[in-house]
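The values are calculated or read from the model by the stated rules, or taken from the named source; none is laboratory data. Bear in mind that the values here come from a model prediction, so they are computed numbers and not experimental data. A quick note on method: Cβ atoms are made from the backbone with ideal geometry, for glycine too, and the neighbour counts reach across all protein chains shown.
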Amino acid sequence: MAILDILHFPDPRLRTLAKPVEEVDDDLRQLIDDMFDTMYQAPGIGLAATQVNVHRRLIVIDVSEDQSDPLVLINPEIIDRGGVESMDEGCLSVPGFYEKVSRADWVQVRASGRLGEPLELRAEGLKAVCIQHEIDHLDGKLFVDYLSSLKRQRIRKKLEKEARDRPDGRADASHKQQLI
Ligand code: K1U
Ligand code: ZN
């Protein structure tokens, strides 16, 4: 079990456009397992590779209450969407802040699964919102980008202060990029 460090807003590495996964191999499956461990421990309902400083198109999700519905999406693409849903969103990269964001209420997604097998699925409600939130991460986008610049600025200032005050100074860690 490995718990990975999660990047925090406004770390510029969160703005990286992730590259497609080219090979689904044991190294990638180890990363997937580590991402699930990290997400469940946080706790959270989703995690994008971008958030753990791996700039490949990979997300993990589990919106169940008992860790019974893990979903791995490699190179996910939304091929259709509809409806409008407005719900409070949080983000493990923006700890402590929850704000309403408007998104599609259902999505049809094409991706590959943990073994590299092709997948197509329709998700609704919280799962659909979470998939959109995680794909945004792969495109370097954060839920705070949907808020007013005033709100975004306030959040940025609070998190910058918290990072400064933290003894490990984690937000100042090296800006080295990690690609597997
Ligand atoms: O991407 C992330 O940072 C994970 C994020 C996903 C998400 C939450 C809400 C709406 C859209 C996307 C989180 O998991 S934040 C934590 C959270 O929502 C939660 C934590 C424990 C139990 C239930 C929810
Ligand atoms: Zn997030």
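Annotations
- Unique match (being hydrophobic (A, V, I, L, M, F, W, C), touching a helix residue (DSSP H, G or I) at 6+ places or on another chain (Cβ under 6 Å) and at pLDDT 95 or above) among LEU47, LEU71: LEU47
- Residue pairs whose Cβ atoms lie under 9 Å apart, sitting 6 or more positions apart in sequence or on different chains, and linking a residue in segment 92-106 that is touching a residue at least 12 places away in the same chain (Cβ under 8 Å) and under 16 Å from GLN132 (Cα atoms) to a partner that is among the β-branched types (Val, Ile, Thr) and more than 15 Å from ligand 2 (Cβ to nearest atom), are SER102/VAL84; ARG103/VAL84; ALA104/ILE78; ALA104/VAL84; ASP105/VAL84.
- Selection within segment 79-121 - assigned to a strand (DSSP E or B) and exposed (fewer than 13 other Cβ atoms within 10 Å of the Cβ): ILE79, ASP80, GLY82, SER86, ASP88, LYS100, SER102, PRO118, GLU120
- Within segment 38-51, considering residues that are among the polar types (S, T, N, Q) and more than 8 Å from ligand 1 (Cβ to nearest atom), the one surrounded by the most Cβ atoms within 10 Å (Cβ to Cβ): THR50
A quick yes/no check of all residues on (1) farther than 15 Å from LEU115 by Cβ; (2) within 16 Å of ligand 2 (Cβ to nearest atom); (3) of a type in the set (A, V, I, L, M, F, W, C):
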| position | (1), (2), (3) |
| --- | --- |
| ASP27 | no, no, no |
| THR50 | yes, yes, no |
| HIS55 | yes, yes, no |
| SER64 | yes, no, no |
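- Neighbours by Cβ (under 9 Å, 6+ apart or cross-chain): first from segment 31-56, of a type in the set (Lys, Arg); second near ligand 2 (Cβ under 10 Å from one of its atoms): ARG56/THR50
- Of the residues VAL54, VAL72, VAL63, the single one that is surrounded by 16 or more Cβ atoms within 10 Å (Cβ to Cβ), within 29 Å of ARG156 (Cα to Cα), under 15 Å from the mean Cα position of the chain (by Cα) and away from ligand 1 (no atom under 13 Å from the Cβ) is VAL54.
- Breaking point among (1) within 30 Å of GLU65 (Cβ to Cβ); (2) more than 11 Å from ligand 1 (Cβ to nearest atom); (3) outside any loop (DSSP other than H, G, I, E, B); (4) modelled with pLDDT of 95 or more, for GLU162: (4)
- For segment 97-109, the condition of being within 23 Å of THR16 (Cα to Cα), away from ligand 2 (no atom under 14 Å from the Cβ) and touching a Pro at 6+ places or on another chain (Cβ under 8 Å) holds for at least one residue.
- Test result for VAL144, touching a residue at least 40 places away in the same chain (Cβ under 8 Å), within 13 Å of ligand 2 (Cβ to nearest atom) and assigned to a loop (DSSP other than H, G, I, E, B): no
- Test: residue in segment 122-138 that is farther than 20 Å from CYS91 by Cα and either modelled with pLDDT of 95 or more or exposed (fewer than 13 other Cβ atoms within 10 Å of the Cβ) (or both): yes
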